[in-house]
Amino acid sequence: MPRRTPGTDNRVLRLCRLLNRHRVRYLLAGGVAANLHGSVRATKDVDILVPRDRANMERLLEALGELPWGVARDLDPAEVSEKAVTIVGDDPRVDILTIAWSVTFERADRSKIVRRIQGVRVPYLGLRDLILSKKTGRARDDADIEALEPARPRRRRRRP
């Protein structure tokens, strides 16, 4: 029996498999990424951070159009590219982020983490970018930061 990786479930892995098959550039963000870094909290949606690139957005919406209810088929790639957040109310619910508070895909892509979980490539925000993306002032995000901070490496002070 495969070992379950904390922070993932079948819906996340199914979504990653679907996005990977369509060659979508994306990073998991939000609660799922926090769970992958060791925070434990339930989340109802899957946040993905994507570049505003039109071709990538077309591949993303095509992939999400294959989810059970096909909600993404009605979305316009150009409109989604212009918004900070687009909620796709399908199964699972997917929040498409073109910016995660102050973190862009281009910035986060440089320090992303990629793991293979049950044979699925899972890219997600590195710890520093995840914490920056959570500096929204919302209580839930503040709680995530508090849970994630102990995992963050501390800089050593230089001796005079």
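The values are calculated or read from the model by the stated rules, or taken from the named source; none is laboratory data. Predicted model, so just to flag it, every value in this text is computed and none were measured. Here the Cβ is made from the backbone with ideal geometry for all residues, glycine too, and neighbour counts use every protein chain on show.
Summary of values
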{"item": "Filter result (more than 13 Å from Asp53 (Cα to Cα) and within 18 Å of the chain's Cα centre (by Cα)) within the stretch 71-83", "result": "Ala72"}
{"item": "Scope the stretch 89-114; condition over 13 Å from the mean Cα position of the chain (by Cα) and among the charged types (D, E, K, R); matching residues", "result": "Asp90, Asp91, Glu106, Arg107, Arg110"}
{"item": "Helices (runs of 4 or more DSSP H) completely within the stretch 1-114 that count 3 or more residues being farther than 24 Å from Glu149 by Cβ and in contact (Cβ under 8 Å) with a residue 60 or more places away in the chain", "result": "10-21"}
{"item": "Pair list, Cβ under 9 Å, 6 or more apart: the stretch 126-141 residue in a loop (DSSP other than H, G, I, E, B), other residue surrounded by 20 or more Cβ atoms within 10 Å (Cβ to Cβ) and of a type in the set (Asp, Glu)", "result": "Lys134/Asp144"}
{"item": "Subset of the stretch 132-147 (residues that are touching a helix residue (DSSP H, G or I) at 6+ places or on another chain (Cβ under 6 Å) and over 11 Å from Ala100 (Cβ atoms))", "result": "Asp144, Ile145"}
{"item": "Residues (in contact with a Leu (Cβ under 8 Å, 6 or more places away or on another chain) and farther than 18 Å from Arg17 by Cα) located in the stretch 62-81", "result": "Val71, Arg73, Leu75, Pro77, Val80"}
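Rundown of residues vs (1) at pLDDT 95 or above; (2) touching a Gly at 6+ places or on another chain (Cβ under 6 Å); (3) over 23 Å from Arg121 (Cβ atoms); (4) not basic (Lys, Arg), yes/no style:
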position	(1), (2), (3), (4)
Arg11	no, no, no, no
Arg17	yes, no, no, no
Arg23	yes, no, no, no
Arg54	yes, no, yes, no
Asp74	yes, no, yes, yes
Ala78	yes, no, yes, yes
